[in-house]
1. Based on this model, can you work out whether residue 58 counts as modelled with pLDDT under 50 and either in contact with a Gly (Cβ under 9 Å, 6 or more places away or on another chain) or under 25 Å from residue 141 (Cβ atoms) (or both)?
2. Tally time: how many residues in segment 85-97 are on the phi < 0 side of the Ramachandran plot and surrounded by fewer than 16 Cβ atoms within 10 Å (Cβ to Cβ)?
3. Can you name every residue in segment 49-70 that is assigned to a strand (DSSP E or B) and surrounded by fewer than 20 Cβ atoms within 10 Å (Cβ to Cβ)?
Amino acid sequence: MLSIINTWEMKMNNTIKIAVAAAALGLTSQAFAQITFYEGDGWRGRAFTAKQQVRDFSRNGFNDRASSVVVDRGQWEVCEDANFRGHCTVLRKGSYETLQGMGLNNRVSSVRPVKMRDRYDNEAPPPLAQPSYDYRRRPSERIIQVPVSSVRAVVGTPEQRCWVERQQVNEPSRGTSAGGVIAGALIGGILGHQVGGGSGRDIATAGGAVAGAVVGNNVANRNNNDNNYSQDVRRCENVSNPKPEYWDVTYNYQGREHRVQMNTPPGSTVAVSSKTGEPRL
């Protein structure tokens, strides 16, 4: 009987140890969790980093401001209302370029770490494995403004524009129609021969032949003109694209020249990391 009790106590102790270890592992994963929110899409603008739950973003001046997220460690639940209320979504480790598809763009008010699970019912779509935007601001990074030394607007490649217009087509003239002249002369000669008598009949025959030839030629030319017609013609031309695709910006920091491509026209200064001089947009 004693051996049975000892065996049961050993199993209970092992079960308790496993449960404690699992709980400790969960707490450890949450303790090392970290998430960073950015004001703009693509990890741009001002950043706010959390390493523990934040019940109300308004206390940190970041309420309803987040547009993109980087989860460095752990899994997090972000909510649109304070105290983890309203619409909530679980985010895994990775980079979320925008929160618009989750319905949380500029609407996050609270966040908290959650236990590591294979799947949550309210989990967001898989994120990017690593940040694809090198110029994002890092947590607790000191940012300074550096004067821009030069700016070059790079325009796009020329565009081809095409249109359709109506055009009159004139067939080449075929000259005098021999068939029409001969037929007209024969008919005119016959008609002239029936007029007058003697030498007058001969003159009338000749005159009728000449007049018939002229009429036959005119009829033939009129038939040739009937071959003229109109048709649709497609025309194209290359037109330069005046809209810049990006701005090539140059600045100097600590005696070294840096370059960055920007999607919008830069101001007189550009934000850079005080440590490396890399741009932070």
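The values are calculated or read from the model by the stated rules, or taken from the named source; none is laboratory data. Since the structure is predicted, the reported quantities are computational estimates derived from the model, not experimental observations. Here the Cβ positions follow ideal geometry from the backbone for every residue, glycine too, while neighbour counts run over all protein chains shown.
1. So residue 58 does not fit the description; no.
2. Result for segment 85-97: 2.
3. 49
To keep it simple, each residue is scored yes or no on (1) at pLDDT 90 or above; (2) assigned to a loop (DSSP other than H, G, I, E, B); (3) of a type in the set (S, T, N, Q).
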{"site": "202", "(1), (2), (3)": "no, no, no"}
{"site": "208", "(1), (2), (3)": "no, no, no"}
{"site": "211", "(1), (2), (3)": "no, no, no"}
{"site": "215", "(1), (2), (3)": "no, no, no"}
{"site": "221", "(1), (2), (3)": "no, no, yes"}
{"site": "236", "(1), (2), (3)": "no, no, no"}
{"site": "250", "(1), (2), (3)": "yes, no, yes"}
{"site": "277", "(1), (2), (3)": "no, yes, no"}
